[in-house]
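Each remark here refers to the structure printed beneath this line.
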Amino acid sequence: MVSTSRKALSRAPIFGFVAGVLLVLGIGVAWQTIGPPLTWPGAARLALQQRRGEQVYNANCLACHGGPTGGTIEDSPPRHNANGHTWHHPDCAIRTMIREGSAGIFEERRADAPRMQPFKGTLSSDDIEAVMAYIKTMWLPWQRDVQAGFTKEMCFETN
């Protein structure tokens, strides 16, 4: 009986070492997947904002602009997914379009294109930011990068 407990005691450091290695690997995978711990609160806030944006989008935008799939770049009203052209515009232009509707954008459009209603009396600034965060989830990573460049170059406001 004494020899059995000695074997168990001699294996304990090995099990501890293996458990420690697995823990370190798990933390490393989490770090690579979702970033360092200091960015986790920001990532959680963004995820909650995107979820709220999806709810607001589905209630106010989906009927005209469609969802995450389908459509083409020529659709009017435009699709906000990767097939559409919303990602060609900086944040400040998208924000203005949502707030002011078609009247807020000085851009040529087809004569038969439907006019977008303004949402400034319907959606709060937080709702608009949430919708924009959700729309960006429908774009491909390279589209998000290009659009972020447009925003950096063209938007001088502090939003």
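Each row is one residue, and each column tells you yes or no for (1) in a helix (DSSP H, G or I); (2) modelled with pLDDT of 95 or more.
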{"residue": "SER102", "(1), (2)": "yes, no"}
{"residue": "PHE106", "(1), (2)": "no, no"}
{"residue": "ASP126", "(1), (2)": "yes, yes"}
{"residue": "TRP142", "(1), (2)": "yes, yes"}
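Exactly one residue among ALA113, ALA82 is touching a Leu at 6+ places or on another chain (Cβ under 9 Å) and of a type outside the set (S, T, N, Q), and that residue is ALA82. Which residues, taken from the stretch 73-91, are surrounded by fewer than 21 Cβ atoms within 10 Å (Cβ to Cβ), in contact with a Gly (Cβ under 8 Å, 6 or more places away or on another chain) and under 20 Å from THR151 (Cβ atoms)? Once the filter is applied, which keeps residues that are surrounded by fewer than 21 Cβ atoms within 10 Å (Cβ to Cβ), in contact with a Gly (Cβ under 8 Å, 6 or more places away or on another chain) and under 20 Å from THR151 (Cβ atoms), the stretch 73-91 yields only ILE73. Of SER3, SER10, SER76, all but one fail to be modelled with pLDDT under 90 and not in a helix (DSSP H, G or I); the exception is SER76.
Conditions (1) among the basic types (Lys, Arg); (2) over 18 Å from GLU54 (Cβ atoms); (3) out of contact with any strand residue (DSSP E or B) (no Cβ under 7 Å at 6 or more places or on another chain), marked per residue:
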| residue | (1), (2), (3) |
| --- | --- |
| PRO68 | no, no, yes |
| ASP75 | no, yes, yes |
| HIS89 | no, yes, yes |
| MET97 | no, yes, yes |
| PRO118 | no, yes, yes |
| MET132 | no, no, yes |
| ILE135 | no, no, yes |
| MET138 | no, no, yes |
| ARG144 | yes, no, yes |
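The set of residues from the stretch 63-88 being under 16 Å from TRP142 (Cα atoms) and touching a residue at least 40 places away in the same chain (Cβ under 8 Å) comprises HIS80, ASN81, ALA82, THR86, TRP87, HIS88. Scanning the stretch 51-58 finds no residues that are assigned by TED's automatic domain parsing to the domain that holds ALA130, modelled with pLDDT of 90 or more and exposed (fewer than 12 other Cβ atoms within 10 Å of the Cβ).
The values are calculated or read from the model by the stated rules, or taken from the named source; none is laboratory data. The model shown is predicted, which means the values in this text are computed figures rather than measured ones. All Cβ positions, even for glycine, are placed from backbone atoms using ideal geometry, and neighbour counts span all protein chains on display.
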